[in-house]
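The values are calculated or read from the model by the stated rules, or taken from the named source; none is laboratory data. The model shown is predicted, which means the values in this text are computed figures rather than measured ones. Please note: Cβ atoms are built from the backbone with ideal geometry, for glycine as well, and neighbour counts cover all protein chains shown.
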């Protein structure tokens with residue numbers, strides 16, 4: 001609901017810093033983060049009490065002191081990290097000065113030679129800065145040191161008793177260098193300085209009360225003011241100008257107490273950040289009047305992780321890091337956002353009573369806020385509120401809660417809707433007056449309220465809609481009548497809108513209705529699954545008319561824009577997640593000063609520019625409150641600030657101040673695995689140095705399964721970075737990948753040369769122009785190399801030659817054997833021929849003899865046949881004689 005203009009206007013609240021955290025659970029070496037730096041390649045480094053950690057946005061790599069390894073860290077207590085002007089990283093540890101060699105991933109120890117000093121205090125480094133040239137200033141537990149980077153020589157300064165020209169104490173805790181090359185030295189006994197000639201030490205009063213207190217932190221800001229952090233407070237000293245030497249002590253009026261100041265840091269925006277021992281993180285903006293405080297809030301997991309802040313740093317993409325003593329490191333993106341989260345603060349007097357914000361109304365520089373348990377008169381700049389609660393036995397209080405709807409009538413009375421009716425509030429008398437609406441309990445369960453142009457108050461409930469005359473308090477009710485098509489579509493009525501043409505709209509759970517106030521009849525607009533120009537869903541959550549006269553409808557499934565055709569016919573254009581909406585369940589809608597449409601949903605807020613058709617969505621990761629938003633809980637104040645009420649507080653912002661992080665990430669290849677083993681293990685010595693510094697690598701022929709790992713060195717929201725990669729010679733195009741897939745695997749690549757390339761985008765889809773590339777040459781198998789092929793050809797030719805020689809020799813031997821065999825066979829055949837002739841002659845002779853014998857036998861046979869014939873005839877004659885004799889004798893008898 002939009003408030004009428006008022007003399008004083010609420011300004012947009014200060015954007016809230018939304019911290020994310022890294023601890024041992026995410027892979028940090030240890031929770032006590034003592035130092036932070038970003039190297040020239042873009043990796044983040046954290047010095048802890050248990051070694052050094054390198055972070056690429058996804059994975060940590062740890063470096064620790066190793067027994068028997070002189071190239072490891074000299075101590076696991078890494079108190080200071082510093083990059084010199086050549087990009088080399090120096091580490092101040094409890095075991096001396098170390099330089100990191102990225103080519104070998106090893107460390108070199110440098111230590112002063114002081115045979116007269118006892119103990120190891122001169123190696124316990126507490127502070128370290130550059131000298132502006134090729135040297136380092138080093139503060140230790142036993143004096144001040146200067147290290148020449150070219151010669152490797154140390155120069156030392158110590159406290160000498162009763163000598164005011166020397167350091168007042170050997171315990172050096174902090175160092176800072178001003179534009180005149182004067183070195184400011186924080187010691188355990190106060191503040192000293194060393195002249196540019198490095199000969200004169202000057203002692204300076206510690207505080208305005210002249211007491212000597214340890215100086216734990218020093219900073220010379222861009223305006224040449226020295227910030228002095230002590231055990232007991234913070235001071236500022238002008239180093240130039242007419243007030244040079246003047247001290248200013250900050251106190252409670254400036255938003256800071258007598259805290260132990262542990263660290264100081266100025267970022268590129270000239271903002272000074274102050275880390276304290278137990279009071280969290282403080283921010284002083286250029287031209288500011290007081291410190292902003294950021295502390296750990298137990299109920300807010302996106303607050304600072306711990307109140308003991310030990311290290312501060314801002315990286316090149318705008319991410320601010322705060323290392324703590326007990327909780328690891330917190331980070332926040334200062335390069336984007338602009339959202340403020342306004343929440344209840346348990347235990348804090350005069351804060352919001354709860355976070356379930358149902359209704360909002362502007363009231364000058366303050367807001368009326370209705371929540372689940374109270375009504376608030378709220379100052380969004382301070383977070384303080386006057387709270388009005390429901391008291392059951394007190395008639396001079398709210399009639400009930402929640403304070404679900406708020407409207408101000410023409411007489412200035414405030415009207416509040418609850419689940420049991422409405423309450424009016426007279427600010428002048430500070431008295432409440434309750435009123436019960438006609439009907440049952442549902443008819444008194446208020447959902448929304450609207451003041452029309454005639455001054456009447458319209459109220460929607462779970463039991464219909466009412467019109468209230470605020471003067472006479474007369475009520476007219478509208479309810480659903482199943483027997484009348486022109487009655488209200490449903491008794492569960494929600495948002496209302498009186499448009500510029502005087503039409504009165506009401507959203508229900510059964511569609512959108514248009515009321516003819518003269519007749520009391522309703523015209524219905526409902527979802528038709530077969531009509532794409534119908535409203536997207538019948539459950540209507542909010543209605544809003546923009547400056548162009550377009551009516552926007554938020555429903556349970558999509559955002560709708562009502563379109564009036566030339567013939568006056570009404571239709572609807574739908575917008576869903578497929579078009580760019582963050583979530584289809586739209587809760588509240590508002591137009592900003594530039595004509596963009598903003599819609600809160602169940603999981604975020606989306607903006608839509610009707611002129612360009614461009615969508616942009618924001619979630620809790622961008623700084624808005626987490627969870628869903630309440631229907632119709634939205635406000636645009638006169639200065640253009642937008643407020644959305646949700647389940648977890650209020651999201652407030654100036655739409656023109658919302659910005660994306662425009663710095664592209666630097667992609668880097670962080671790992672190469674062969675058969676799921678790091679290449680350093682699979683093939684030791686194959687890489688001459690770290691993979692991220694390699695431009696090419698040659699792999700053996702049996703490296704058939706390759707996995708390349710990569711990262712985007714952009715830490716605003718590493719979990720939302722995006723990638724596109726390709727393997728030239730294999731992939732046909734770019735392959736898109738999310739932050740959860742920071743690797744690419746290839747199998748069965750043929751021998752040859754390929755180039756793997758990867759690009760990256762940050763959370764706001766800003767893509768890098770730089771491409772990380774690695775040339776991969778896969779060697780052919782032993783039999784596949786050119787020399788092997790030549791050798792094979794020569795071997796084949798030799799084999800053929802030898803084979804031919806052997807074959808010819810064999811053929812000659814075979815020929816000789818054949819000739820011998822032929823000769824022997826010929827002799828044998830001739831002998832056999834002679835034997836055959838002889839045998840033939842013998843056979844011929846035998847044949848002749850046989851024929852002779854045959855003739856003889858034939859003649860004998862013929863003679864026998866002749867004899868046989870004679871005998872047969874003789875036999876026949878004898879038989880005739882016998883027969884005749886028998887016949888004779890018979891006749892005789």
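Given the criteria in contact with a strand residue (DSSP E or B) (Cβ under 6 Å, 6 or more places away or on another chain), within 28 Å of residue 661 (Cα to Cα) and assigned to a loop (DSSP other than H, G, I, E, B), does residue 583 qualify? Yes: the conditions hold for residue 583.
Are any of the residues in region 792-809 under 30 Å from residue 754 (Cα atoms) and surrounded by 10 or more Cβ atoms within 10 Å (Cβ to Cβ)? Taking every residue of region 792-809 in turn, at least one turns out to be under 30 Å from residue 754 (Cα atoms) and surrounded by 10 or more Cβ atoms within 10 Å (Cβ to Cβ). Residue-level check: of (1) surrounded by fewer than 21 Cβ atoms within 10 Å (Cβ to Cβ); (2) part of a strand (DSSP E or B), residue 321 misses just (1). Here residue 290 qualifies as over 17 Å from residue 340 (Cβ atoms), in the same structural domain as residue 220 (by TED's automatic domain parsing), touching a helix residue (DSSP H, G or I) at 6+ places or on another chain (Cβ under 7 Å) and surrounded by fewer than 16 Cβ atoms within 10 Å (Cβ to Cβ).
The single condition among (1) in the same structural domain as residue 223 (by TED's automatic domain parsing); (2) surrounded by fewer than 19 Cβ atoms within 10 Å (Cβ to Cβ); (3) assigned to a loop (DSSP other than H, G, I, E, B) that residue 303 does not satisfy is (2).
Checked against the criterion of being in contact with a strand residue (DSSP E or B) (Cβ under 9 Å, 6 or more places away or on another chain) and at positive phi, the candidates 765, 770 yield just one match: 765. When restricted to residues that are within 23 Å of residue 626 (Cβ to Cβ), in contact with a helix residue (DSSP H, G or I) (Cβ under 8 Å, 6 or more places away or on another chain) and surrounded by fewer than 21 Cβ atoms within 10 Å (Cβ to Cβ), region 593-603 contains 0. Inside region 390-427, residues that are more than 43 Å from the chain's Cα centre (by Cα) and farther than 16 Å from residue 469 by Cα make up a count of 14. Among the criteria (1) crowded, with 21+ Cβ neighbours inside 10 Å; (2) out of contact with any strand residue (DSSP E or B) (no Cβ under 6 Å at 6 or more places or on another chain), the one residue 376 does not fulfil is (2).
Taken together, the residues in region 686-716 that are closer than 26 Å to residue 42 by Cα and assigned to a loop (DSSP other than H, G, I, E, B) amount to 11. Scoring residue 368 on the criteria (1) within 23 Å of residue 629 (Cα to Cα); (2) part of a loop (DSSP other than H, G, I, E, B); (3) without any contact (Cβ under 8 Å) to a residue 60 or more places away in the chain leaves a single failure, condition (2). Pick from 485, 525: which is crowded, with 20+ Cβ neighbours inside 10 Å and either more than 21 Å from residue 450 (Cα to Cα) or touching a strand residue (DSSP E or B) at 6+ places or on another chain (Cβ under 7 Å) (or both)? The unique qualifying residue is 525.
Restricting 213, 249, 198 to residues that are assigned to a loop (DSSP other than H, G, I, E, B) and either modelled with pLDDT of 90 or more or not assigned by TED's automatic domain parsing to the domain that holds residue 164 (or both) narrows the list to 198. Return the residues of region 101-123 that are under 38 Å from the mean Cα position of the chain (by Cα) and either crowded, with 21+ Cβ neighbours inside 10 Å or part of a loop (DSSP other than H, G, I, E, B) (or both); say none if nothing qualifies. Answer for region 101-123, where residues must be under 38 Å from the mean Cα position of the chain (by Cα) and either crowded, with 21+ Cβ neighbours inside 10 Å or part of a loop (DSSP other than H, G, I, E, B) (or both): 102, 103, 104, 105, 107.
For beta carbons closer than 8 Å, sequence separation of 6+ or different chains, a first residue in region 551-575 that is closer than 16 Å to residue 509 by Cα and a second that is modelled with pLDDT under 95 and surrounded by 22 or more Cβ atoms within 10 Å (Cβ to Cβ), there are no qualifying pairs. Restricting attention to region 528-558, the residues that are surrounded by 15 or more Cβ atoms within 10 Å (Cβ to Cβ) and closer than 17 Å to residue 584 by Cβ add up to 16. So residue 180 clears everything in (1) farther than 19 Å from residue 127 by Cβ; (2) buried (at least 18 other Cβ atoms within 10 Å of the Cβ) except one condition, right? Which one? With (1) farther than 19 Å from residue 127 by Cβ; (2) buried (at least 18 other Cβ atoms within 10 Å of the Cβ) applied to residue 180, the lone miss is (2). Taken over region 285-300, the criterion of being within 27 Å of the chain's Cα centre (by Cα) and assigned to a loop (DSSP other than H, G, I, E, B) is satisfied by 295, 296, 298, 299.
Out of region 668-679, which residues are touching a strand residue (DSSP E or B) at 6+ places or on another chain (Cβ under 9 Å) and either closer than 21 Å to residue 101 by Cα or assigned to a strand (DSSP E or B) (or both)? Correct list: 668, 669, 670, 671, 672, 673, 674, 678, 679. In the condition set (1) surrounded by fewer than 20 Cβ atoms within 10 Å (Cβ to Cβ); (2) in contact with a strand residue (DSSP E or B) (Cβ under 7 Å, 6 or more places away or on another chain), residue 665 is compliant with all but (1).
Against the test of being farther than 18 Å from residue 635 by Cβ, at pLDDT 95 or above and buried (at least 16 other Cβ atoms within 10 Å of the Cβ), the options 434, 453, 447 yield a single qualifying residue, 434. Are any residues in region 540-550 under 22 Å from residue 492 (Cα atoms) and either touching a residue at least 60 places away in the same chain (Cβ under 8 Å) or touching a helix residue (DSSP H, G or I) at 6+ places or on another chain (Cβ under 7 Å) (or both), and if so, which ones? Scanning region 540-550 gives 541, 542. The single residue among 85, 79, 99 that is free of Cβ contacts under 8 Å to residues at least 24 places away in the same chain and closer than 20 Å to residue 149 by Cβ turns out to be 99. For region 493-526, a residue qualifies if it is without any contact (Cβ under 8 Å) to a residue 40 or more places away in the chain, closer than 18 Å to residue 457 by Cα and either assigned to a loop (DSSP other than H, G, I, E, B) or touching a helix residue (DSSP H, G or I) at 6+ places or on another chain (Cβ under 6 Å) (or both), and the qualifying residues are 503, 517, 518. Based on this model, can you work out whether residue 348 counts as more than 25 Å from residue 618 (Cα to Cα), in a loop (DSSP other than H, G, I, E, B) and more than 28 Å from the chain's Cα centre (by Cα)? Considered against the rule, which asks whether it is more than 25 Å from residue 618 (Cα to Cα), in a loop (DSSP other than H, G, I, E, B) and more than 28 Å from the chain's Cα centre (by Cα), residue 348 comes out as yes.
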